[in-house]
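Rule-based calculations on the coordinates, nothing more; no lab input. Predicted model, so just to flag it, every value in this text is computed and none were measured. Cβ atoms come from the backbone with ideal geometry, glycine included; neighbour counts cover every protein chain shown.
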Amino acid sequence: MSVPTQFAGQAAMQKQDEEAFDLKQYSYTPREFTEEDVVIKVECCGICGSDLHTITCGWMEHKNFPLIVGHEIVGKVVKAGKNTKHQVGDRIGFGAQCGSCMKCENCKNHNENYCVGGMTGTYNGATGSDVQPYTQGGYADYYQGPGHFAVKIPDGIESIVAAPMLCAGVTVFAPLKRYGAGPGKKVGVIGIGGLGHLAIQFANALGAETYAISHSDKKKADAEAMGAKGFVSSGDKESTNSHNSFFDLIICTSYQEGMPLQEVYLPLLKPFGNMVVVGLPNSGVPAGGWALLGKSITGSLIGSPKELEEMFDVAVKHNVKTWVETRPMSEATQAVQDMHHGKARYRYVLTN
Ligand SMILES: [Zn+2]
Ligand SMILES: [Zn+2]
């Protein structure tokens, strides 16, 4: 199969204004191909909140423009290096990580996402190449990356359903597994959005009794359709009081400054329960005092290639499905704008 020498996609040509996103068609020459790499012809790519944060420099200022974002990428292999496990024709997916040192203790123990040298992002990550000094992502026709970080998409799952699992899915699946979501356990999921709607389904799939925790009842019917057994209205004292010391594990998918962590969320945990924050708080998590006694708060960052494989096994076995709305790749700007305005129910996927 022939691979073009230039890849093209929808790029942020400069730092974006979040009220006026403007992505433009842009071509670039991919960095030198190595025997560790694969090239995929992109079928589809999910839109992740990180994409928006990166092109608006919301997390940090950077100069890597023009930049094509997108790290929930599914496509067929059109070129495979000798040292990868993938073959031409395989349908595979890349998530948020496309590099690590491969030598440290974490890399050797299938925790590449916690590499001591830091991880290389699927986009906006340093490549060390003069041809293309930073990685370009999946809002594009082709993507090239190390095969080690790509996983095979099982036959039982559609590409548009699989794509958002590569970041949003594994971000919640990994801590659910790590902190014991399973039979006999009660799991609460704060926030019903891109991450939360997958967290509810995966917690259920792992055998836990799952509850949605949301500030309003607006998404209650959706949460139940996703498999939530119960619903806690975080703004309603009666609702929260009746779930005091109730959960073994809470996954917080929508960390917001000033949210009632001490007053409302921590008391929902049983003694020795864990609360996992999977959003990225800008100014840390304020917690302490009486509310924290006997409770743990921790963070979690995406998932490793091994966890991606485990997640897809569970997804196929238990029919976990991302709720998606597709948009043509050429309409990325509008889709990103709609995502910013919270219109996704619950994930946009761009298709070629
Ligand atoms: Zn992401
Ligand atoms: Zn490492």
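Under 16 Å from the Cα of Lys103, which aspartates and glutamates turn up, not counting those fewer than eight places away in the same chain?
Answer for Lys103, where 16 Å is the Cα cut-off: Glu36, Glu112, listed by chain and number.
Using θ = phi - 60° and the Karplus relation 6.51 cos²θ - 1.76 cosθ + 1.60, list the HN-Hα couplings for segment 197-205 in order, rounded to whole Hz, with x at every Gly or Pro.
5, 7, 4, 4, 5, 5, 4, 4, 4
For the chain, what is the mean residue ellipticity at 222 nm derived from helices alone (per DSSP H run of n ≥ 4: -39500 (n - 2.57); sum divided by total residues; nearest 500 deg cm²/dmol)? Please list the in-between numbers first.
Details: 9 runs with 73 residues, N = 352.
It comes out at -5500 deg cm²/dmol, rounded to the nearest 500.
By average Cβ neighbour count within 10 Å, what is the ranking of 302-308, 246-252, 315-321 from highest down?
Going by the mean number of other Cβ atoms within 10 Å, highest first, we get 246-252, 302-308, 315-321.
Please check: in the Gaussian network model of the chain (C-alpha springs, under 10 Å), which one of Val170, Val77, Val314 has the largest mean-square fluctuation.
Val314
Can you tell me the 0 to 90 degree angle between the C-alpha axis of helix 168-178 and the longest principal axis of the chain, rounded to 10?
For helix 168-178, the angle is close to 50 degrees.
What nm distance separates the two modelled labels at Ser27 and Lys218, each placed 7 Å from Cα along Cα→Cβ?
Once both label points are built, they end up 4.3 nm from each other.
Expressed as a rounded percentage, what relative contact order does the chain have, with Cα pairs under 8 Å and six or more residues apart?
On the way: 833 pairs, mean separation 64.6, N = 352.
Computed over the chain, the figure is 18 percent.
Find, among the trypsin sites (Lys or Arg not before Pro) in segment 194-254, those assigned to loop by DSSP (not H, G, I, E, B) with at most 10 other beta-carbon atoms within 10 angstrom.
On the way: sites: Lys218, Lys219, Lys220, Lys229, Lys237; in loops: Lys218, Lys219, Lys229.
Passing sites in segment 194-254 are Lys218.
Which entries of Lys185/Lys237; Lys41/Lys306; Lys82/Lys177; Lys82/Lys306; Lys108/Lys220 show an alpha-carbon separation above 31 angstrom in the structure shown?
The answer is Lys82/Lys177; Lys108/Lys220.
Which cross-chain or sequence-distant (5 or more) residues have an amide H under 5 Å from the amide H of Val232, H modelled 1.01 Å from N in plane?
Close amide H contacts, sequence-distant or interchain: Ala212, Ile213, Ser214.
Counting other beta carbons within 10 Å of each Cβ, put Thr240, Thr5 in order, fewest first.
Neighbour counts put them in this order, fewest first: Thr5, Thr240.
So if each residue of separation counts as 0.36 nm, and I subtract the Cα-Cα distance between Gln6 and Glu158, what length gain in nm does that give?
That pair, Gln6 and Glu158, stretches by 51.9 nm at full extension.
Give, as a single signed number, the net charge of other residues whose beta carbon lies under 14 Å from the beta carbon of Gly49, with Lys and Arg counted +1 and Asp and Glu -1. Don't skip to the end; give the middle numbers.
On the way: positive: Lys343, Arg347; negative: Glu18, Asp51, Glu72, Asp338.
So the environment of Gly49 carries a net charge of -2.
Can you compute the FRET efficiency between Phe272 and Met13 using 1/(1 + (r/R0)^6), with r the Cβ-Cβ distance and R0 = 56 Å? Round to the nearest 0.05.
It comes to 0.65.
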